[in-house]
Amino acid sequence: MLKIPCVLMRGGTSKGPVILASDLPANVEERDAVLLGLMGAGHELEIDGIGGGSPQTSKVAIVSPSQHPDADVDYLFVQVMVNERRVDTTPNCGNMLCAVGPFAIEKGLVSATCPVTTVRIRNLNTGTLVDAEVQTPDGRVTYEGDTHIDGVPGTAAPLGLTFLNSAGCKTGKLLPTGNVIDRIDEVEVTCIDMAMPMMLIDAAQLGKTGYEKPAELEADRAFMARLELLRRQAGRAMGLGDVADKVIPKPVLLSKPQAGGTISVRYFMPHACHRSLAITGSIGISTATRIENSVAHRVMAGQPKTPYTNIIDIEHPGGKISVSLTNDSLEIEKTRAAVIRTCRKLFEGVVCVPDAVIPAVI
């Protein structure tokens, strides 16, 4: 058996192992084969691995020292498919990102300061730079605190994430098609690339309220098939090519808020509806509310006027997430977004993988 040192962590509303790059094979095919075996991919329960049988719990974070002048550590996110023997490293994941800072400090990659340590992280999937503020009283990471985030029971120490250069992370453009609104099969969409490439749709255009439970949306096979068809066309229009085997762009349904927020969303990953909301998704959605005539901006139209604020409150199936937007210029592309999340270390040790996974790719 291969024994891979790892730390299983909850990051935001996701969960998965965090592993040092040096503890995995350098060859990408061999590395991916190890991760498939480690997580138990190819079975709906991932019964033969430590994956949780859901896209939110079938994620891996790989961490290493960074050579970038503005980063302390590099973070590679790996989405491990549940029912398929396949991984995708094209997107970032802001929830698993929450676990990177504490992990880097505890592994000695970053020296702790008291009472808060800022860990500068470069996401290798997208080139995005993120500052993570980790609570380190007495020079040690603490996971205990009074901060609650929707979608997670209980409370934990707050962890701040500030996304510094998220515009055009995969396509090089905030609006990859060059348009605020595109029409795909008679459906008006906004294609945006801010921390995560997404296709934003007014839920009403697809015959939905936008308040359905995730399981209800997933059970509507005709709707899911149409959403996937729209997503694939949006992917080509965004310059991403054939996205049939990619998890980007993410399709997102938007609707007016019901609980005092700014906007309500249903976020797809892309073939299952998120039970809450991806952090990277929240960055793009909140930015889209500031783009005049975008789908997000239109959905907000007609709501009671409130004093301008830089806080965007996004309602999702698990509650709400707040995003703080700041910008020192008039260019929307230079928007910086910050969120407060939590994470927790669940266990650390070694995970065992059959030796046979490596010869299978040689």
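The values are calculated or read from the model by the stated rules, or taken from the named source; none is laboratory data. Here the structure is a predicted model, which is why all the values come from computation and not from measurement. Every residue, glycine as well, gets a Cβ built from its backbone with ideal geometry; the counts of neighbours run over all protein chains shown.
Within region 129-177, being among the charged types (D, E, K, R), surrounded by fewer than 18 Cβ atoms within 10 Å (Cβ to Cβ) and under 21 Å from Leu109 (Cα atoms) holds for Glu133, Asp138, Arg140. Could you tell me whether region 311-322 includes any residue that is at pLDDT 90 or above and assigned to a loop (DSSP other than H, G, I, E, B)? Looking through region 311-322, at least one residue is at pLDDT 90 or above and assigned to a loop (DSSP other than H, G, I, E, B).
For Ala71, indicate whether it is crowded, with 18+ Cβ neighbours inside 10 Å, more than 30 Å from Gly318 (Cβ to Cβ), at pLDDT 95 or above and not polar (S, T, N, Q). When the stated conditions are applied, Ala71 passes them.
Annotation: of all residues in region 192-214 being among the small types (Gly, Ala, Ser) and in contact (Cβ under 8 Å) with a residue 24 or more places away in the chain, the one that is surrounded by the fewest Cβ atoms within 10 Å (Cβ to Cβ) is Ala204. Looking across region 201-225, just one residue is of a type in the set (D, E, K, R) and touching an Asp or Glu at 6+ places or on another chain (Cβ under 8 Å), and that is Asp202.
Residue check, Val247 against (1) within 18 Å of Asp88 (Cα to Cα); (2) modelled with pLDDT of 95 or more, all met but one. Which one? Exception for Val247: condition (2). As a summary of the residue check, Lys345 satisfies the conditions (1) surrounded by 17 or more Cβ atoms within 10 Å (Cβ to Cβ); (2) modelled with pLDDT of 95 or more; (3) touching a helix residue (DSSP H, G or I) at 6+ places or on another chain (Cβ under 8 Å) except for the one numbered (1). Looking across region 111-138 at every residue that is touching a Pro at 6+ places or on another chain (Cβ under 9 Å), assigned to a loop (DSSP other than H, G, I, E, B) and not β-branched (Val, Ile, Thr), the one that is nearest to Leu174 (Cα to Cα) is identified as Asn125.
Being closer than 24 Å to Glu30 by Cβ and surrounded by fewer than 23 Cβ atoms within 10 Å (Cβ to Cβ) is a condition met by at least one residue of region 98-119. Quick check: anything in region 9-22 buried (at least 17 other Cβ atoms within 10 Å of the Cβ), touching a helix residue (DSSP H, G or I) at 6+ places or on another chain (Cβ under 8 Å), assigned to a loop (DSSP other than H, G, I, E, B) and not β-branched (Val, Ile, Thr)? Yes, that holds for at least one residue.
Residues in region 1-48 that are charged (D, E, K, R) and farther than 28 Å from Thr142 by Cβ were compared, and the one that is farthest from the chain's Cα centre (by Cα) is Lys3. The residue pairs whose first member lies in region 232-243 and is assigned by TED's automatic domain parsing to the domain that holds Thr190 and within 12 Å of Met199 (Cα to Cα), whose second member is surrounded by fewer than 18 Cβ atoms within 10 Å (Cβ to Cβ) and acidic (Asp, Glu), and whose beta carbons are closer than 9 Å, counting only pairs six or more residues apart or on different chains, are Arg232/Asp242; Gln233/Asp185; Gly235/Asp242; Arg236/Asp242.
On inspection, Gly94 does not qualify as free of Cβ contacts under 8 Å to residues at least 40 places away in the same chain and under 11 Å from Ser14 (Cα atoms). Thr90 passes every criterion in (1) assigned to a loop (DSSP other than H, G, I, E, B); (2) modelled with pLDDT of 95 or more; (3) under 21 Å from Asp245 (Cα atoms) apart from (2).
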